[in-house]
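Written out below as C-alpha cells is the structure these notes cover.
Only the coordinates and a few stated rules stand behind these numbers; no lab work does. From a predicted model like this one, the values you see are computed outputs, not experimental measurements. Note: ideal-geometry Cβ built from the backbone for every residue, glycine included; neighbour counts use all protein chains shown.
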Ligand code: GUN
C-alpha cells in the first residue's frame with residue numbers, strides 16, 4: 001500500500017514557516033510583503049479562489065488586497081490598474097485571476113505585469129528564464145509538485161518522470177522544472193498528451209507519474225508499474241448522488257486501485273491542491289525580498 005502524500009499538512013507547514021518570517025519583519029516595524037489580486041467578472045470559482053488566496057495572506061500577516069472589477073471593465077482600464085500596482089511599493093506580487101472576460105486579451109494583461117512582481121510565473125520572461133534555468137518565479141502548482149517530491153524525499157535525479165498533460169500552467173512548466181540540472185530535479189522527462197498513441201507504453205515506464213490532463217480517473221492501475229510515485233494534479237467534479245452537493249471532487253488518477261501498486265500517491269482533495277496557495281505566498285515573500293533588496297543596493 002502506498003504512502004499517502006499529505007499536501008494539506010505540508011502546505012500548513014510552509015504557511016507556518018512564512019508566518020514566522022513575516023512576524024520577524026513586523027517585529028522590526030518595517031513594511032511586510034503584499035499581494036494584490038485582481039478579479040474581473042463574476043465567475044464563481046474565481047471568486048472563491050481569490051478569497052482563499054487573500055485569506056491565506058492575511059493569516060500569515062501579509063498585506064492583501066482584492067481589486068474586484070465588473071465584467072464590462074475595459075482592457076485599457078485593467079492595464080492601467082496593473083501599471084498602478086507595478087509602481088506601488090506596498091504590493092510586491094500582482095496576480096490577475098484567470099480566465100478573463102473574452103473582450104480582454106489575456107496575453108497582453110500577463111505581459112503588462114512587471115516581471116519582478118509576477119508571482120504566478122506566467123509572464124513570458126518568467127517562462128523563458130525557467131526554461132533556461134535562471135532564477136525566476138516558478139508557477140505555483142508545478143512548484144507545489146516539486147516541493148512535495150522534495151519533502152517526501154522522492155528521488156528525481158536520473159529517474160524517469162512521465163508528465164501526462166501539456167498545459168502552460170502545469171504540464172509544460174513542471175516538465176521544464178524537472179529537467180533542470182539541479183537538486184530536486186535532474187530527471188529524464190517524457191511529456192505525453194492527447195495525441196500520444198499507446199500512452200501505457202510511456203506511463204508503465206514511469207518512476208514518477210504526474211497526471212495533469214483534467215480527466216477523472218484517467219490513469220488506471222494497468223497503466224503503471226509497481227512502486228511508481230504518483231502525483232495527481234487533476235481537480236474534476238463528478239456526479240455523486242450520495243453527497244449533499246450532488247457532486248464530488250476526484251483527480252485524474254483512479255486512486256483506489258493505483259494506490260495498491262504505488263509507493264507514494266497524492267490524494268484528491270488534499271494532495272497538490274493545498275500546495276498552490278502555499279507556493280503563491282512563498283513567491284510573494286520571494287518577490288518582497290528581491291524588490292526590497294534591490295531598493296537597498
Ligand atoms: N485561474 C486558475 N488557476 C489560476 C492561477 O494559478 N493563477 C491565476 N492567475 N489564475 C488562475
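Quick rundown of the values:
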{"quantity": "Test: residue 68 is within 15 Å of the ligand (Cβ to nearest atom) and more than 18 Å from the chain's Cα centre (by Cα)", "calculated": "yes"}
{"quantity": "Spans of strands (runs of 3 or more DSSP E) in segment 214-297 with at least 3 residues out of contact with any helix residue (DSSP H, G or I) (no Cβ under 7 Å at 6 or more places or on another chain) and loosely packed, with under 15 Cβ neighbours inside 10 Å", "calculated": "236-239"}
{"quantity": "Candidate set: segment 24-44, residues that are exposed (fewer than 13 other Cβ atoms within 10 Å of the Cβ) and farther than 24 Å from residue 79 by Cβ; chosen: the one nearest to the ligand (Cβ to nearest atom)", "calculated": "44"}
